[in-house]
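A short worksheet on the structure shown next.
The numbers here are math on the coordinates, done by the rules we state, and not lab data. Everything numeric here is computed off the predicted structure, so don't read it as measured data. Quick reminder, even Gly has a Cβ in these numbers, built from the backbone with ideal geometry, and neighbours come from all protein chains shown.
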Amino acid sequence: MRGRPPDGLFLEPAVIGRRLVATREAAGISQAELCRRADIKPNAYNQWEKGHGRPSLEHAVRLVRALGITLDWIYLGNLAGVPYGLALKITARMSAPDSSL
C-alpha cells in the first residue's frame, strides 16, 4: 500500500510506546492509575511508554480492558473499534506539532 510504512514498523517498541502515551493521556489518567486498573507493575509500563520493549499479549489485554481500546490499536495503530471520542483525542495527541509523540 502506498504511503504505509513497512509492517514491522507498527510493532516497533518506540511506536507502541507513543501510542500508549497518547492513549493514556487522552483518557486523562496517570501511569500509576492505569497500572492500578490494569494490574501491571509501574516500572514495566513506564519502560513500554519509553519504547524499551512492548507489552506481552497478556499485559496488552489488561490495557485493552482498562482503557477501552483494542489490540489492533496497541500493536498495529488501527483505531477502528476504539470509542469515537477517545479516538479523536488520541489522534489529536499523536498529530500535535509540539508533541514528542
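If I take R0 = 30 Å and measure r between the Cβ atoms of Glu12 and Ala80 in this structure, what FRET efficiency does the formula 1/(1 + (r/R0)^6) give, to the nearest 0.05? Between Glu12 and Ala80 the formula returns 0.90.
Helix 57-67 and the long axis of the chain differ in direction by around 90°, with both axes built from C-alpha atoms. About its Cα centre, the stretch 7-95 has a charge dipole of approximately 240 debye under the convention of +1 per Lys or Arg Cβ and -1 per Asp or Glu Cβ, with nothing else charged. Mind checking the angle between helix 84-95 and the chain's longest principal axis? C-alpha axes, 0 to 90 degrees, to the nearest 10. Helix 84-95 and the main axis of the chain meet at about 70 degrees.
Computing Cα Rg over 2.2 N^0.38 Å directly from the structure and comparing it against [x] 1.00; [y] 1.19; [z] 1.46 singles out [x].
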